Amino acid sequence: MESYPAQCPVVEITRSGLAATGAGLTACVLVLVFASTRTIPWVRFSGIVVGFAALVFVVIVGADVSLAHSVELRY
């Protein structure tokens, strides 16, 4: 019986990318907490907007950095 190789996509989590994503998420949460404690309305609003924009950026980039995509030949 013969077997032919198949190309299988493999996704692995890299520890360094996961650590960088965790640090970025922690920084975003700290910015949001700091912004929410401000008493001047425009400072609070701009801090919250920047915090959420950074949060979205870290989530998108962090998913790409934390996951290593490769193709493996399996029989």
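Values in this text are rule-based calculations from the coordinates and carry no lab data. As the structure is a prediction and not an experimental result, all values here were calculated from the model. Quick reminder, even Gly has a Cβ in these numbers, built from the backbone with ideal geometry, and neighbours come from all protein chains shown.
Figures for the structure shown
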{"item": "Relative contact order, percent, segment 7-74 [alpha-carbon distance under 8 Å, six or more residues apart]", "result": "60"}
{"item": "Additional length obtainable on full extension of the chain from Leu18 to Val50, 0.36 nm per residue less Cα span", "result": "9.3 nm"}
{"item": "Where trypsin sites (Lys or Arg not before Pro) fall in DSSP loop in the chain, at most 14 other Cβ within 10 Å", "result": "Arg38"}
{"item": "Ellipticity estimate at 222 nm from DSSP helix runs (n ≥ 4, -39,500 (n - 2.57)) divided over the chain, nearest 500", "result": "-22500 deg cm²/dmol"}
{"item": "Mean Cβ count within 10 Å, highest first, over the residues of peptides 61-70, 4-13", "result": "61-70, 4-13"}
{"item": "J(HN,Hα) series, segment 17-27, from Karplus relation 6.51 cos²θ - 1.76 cosθ + 1.60, nearest Hz, glycine and proline x", "result": "x, 5, 5, 5, 5, x, 5, x, 5, 4, 5"}
